[in-house]
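Worksheet: one structure, shown below.
A short reminder: the numbers here are calculations on the coordinates, not readings from a lab. Keep in mind the model is a prediction, meaning the values are calculated, not measured. Note: ideal-geometry Cβ built from the backbone for every residue, glycine included; neighbour counts use all protein chains shown.
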Amino acid sequence: MANQSSPSTIYCVSFNQDNSGFAISWKDSFKIFDSTSGRLCYERAAGSFVIVEMLYSSDLLAIVGAGEQASLSPRRLCLFKTTTGSPLRELNFLTSILAVRMNKKRLVVVLLEKTFVYDLNTLVMLDTIDTVPNPKGLSAFSPSLEGCYLAVPASATKGSVLVYNVMDLQSHSEIDAHRSPLAVIALSSNGMYIATASEQGTLIRVHLVSEATKSYSFRRGTYPSTIYSLSFGPSTQLPDILIATSSSGSIHAFSLMLAINQRSKRSTSFLGSVLPDSVSDALDPAHHHVLQNAVSSGIRSYAVVRKIDKLEGTSSPSQLASLRATVSVITYNGYFQEYTLSINNKNESLWTLEREFNLFSITTR
C-alpha cells in the first residue's frame, strides 16, 4: 500500500517530543494522530500549513501557513489551542519560518539566517542566533530540560554543526562531521548524542555532544542517496539503535550497542592501539539491519523509534542483549506503517510489518 500513489501531497510530517503522537498536513487540512492506536485525535480544515509542531500530547500546537492564503503567511507563527479551536498568540517575522521546535520551557524559531529562542510561557525573546544560510531549515532539538540542545548547520560548504544550549543560552560546541554540506541532523531525546548525514548520504556519523567527539561511523551504502530522516531509539543513556530512511526506499537500523562492544574489544588489540582514530573508526563493522523496498524509491519518508524492549542477555555485560524495537514510518504519499524490528543476541534481525493504513482515509470517529 505504501508504494501506491495518493491523491494529495503532504506538506509536513512531525512527531511530538516522545513520539506518542504525530501530525500531518496537506492542502486545506491538518490532522493529529495517536501513534500507538492510530486513532485520529484532531482534524482542522483551515488551509495549508507547512509546519504543525506538537507539545507532547497537550492541546498546544505551533502552526505556520503555507502562504496560499493571505491569512496564512509563512512569516507568521500561531500558537494554537486544539481544545478551543482558536489562536492563543501570534509571532510575526521578516522572513519565512523554516522550522519550529518546542519543549515545556523553550520555543525555537528557525529562519533563513537567524534562529530565535523564546520562553514558551511568556513568549519573551531570550536570544537571537546568527546562522549560515539554512534554506531547508535544518535543525534538531533535544527536549530534555537537563540536556536541552539545539543543532543547526555551522557551514554552508561542509558538514559542520553548531550545538547550542537552549536552557543556558550559550553556544556549546561546533562539530565537524562531514566534508559535504549536511542533509539531516538528529539529537537523542536526552541530548547526549547527535547523528548527522551529509548530502552524499553514504555515511552516518554519531558524536557525543558533551565532548564533541566522534563515537561511531556507519555506512548506509556505497552509492549516494538522500537521507530523509534519522531517529535515535528512546534511552536514558546510549540509545540501542539509530534508524534512517533514504531515497532508495529502504529503512536502515544501526546497532549502537553492538558497535560500542566491538570498539571496546578492538581498542584492546595491538592493531586498535596503533591505528589513529580516523582509520580505526573506518574499520567498524556496519551493524546494519536494512529493510529493502519498504517504500517506493524517491518517495520521502519519516521514521521514528517509538519503543525498545530488551528481551534477554542483559545479565552479562559481554553478551549482546536481544531487543525488539517498534518503528513507525510515515510516507509522504500518505501511509502509516508500523514495524517490529527484532535483533537477537547473534545480531540476526527480522522486520515484521504489524499494521499499515492510509492516513487520508481516516476520519474522526
Q. What are the extents of the Cα atoms of segment 96-141 along their three principal axes, listed from largest to smallest and rounded to whole Å?
A. 29, 16, 16
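Which shape class applies to segment 146-240: rounded if a/c is under 1.5, otherwise prolate when a/b exceeds b/c and oblate if not, where a ≥ b ≥ c are the square roots of the Cα gyration tensor eigenvalues?
Because a/c hits 1.5 or more and a/b fails to exceed b/c, segment 146-240 counts as oblate.
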Q | Amide H contacts of Val50 (H built 1.01 Å from N, under 5 Å, at least 5 apart or other chain) | A | Val64, Gly65, Ala66
Q. So what's the angle, to the nearest 10 degrees on a 0 to 90 scale, between helix 256-267 and the longest Cα principal axis of the chain?
A. 30 degrees
Q: Once you've got the GNM for the chain with C-alpha springs shorter than 10 Å, pick whichever of Asp28, Asp240, Asp18 has the biggest mean-square fluctuation.
A: Asp28
Q. Rg to Rh ratio, segment 46-101, alpha-carbon atoms and Kirkwood radius?
A. 0.94
Q) Which of (i) 60, 49, 38; (ii) 68, 57, 44; (iii) 66, 44, 38 is the computed Cα extents along the principal axes in Å for the structure on display? A) (iii)
Q. So how long is each side of segment 84-201 along the principal axes, counting just the alpha-carbon atoms, biggest first, in Å?
A. 46, 32, 26
Q) Can you pull out the chymotrypsin sites (Phe, Trp or Tyr not before Pro) in segment 1-87 that DSSP calls coil and that have at most 15 other Cβ atoms within 10 Å? A) Tyr56
Q) Helix-derived [θ] at 222 nm for the chain: sum -39500 (n - 2.57) over DSSP H runs of at least 4, divide by residue count, nearest 500? A) -1500 deg cm²/dmol
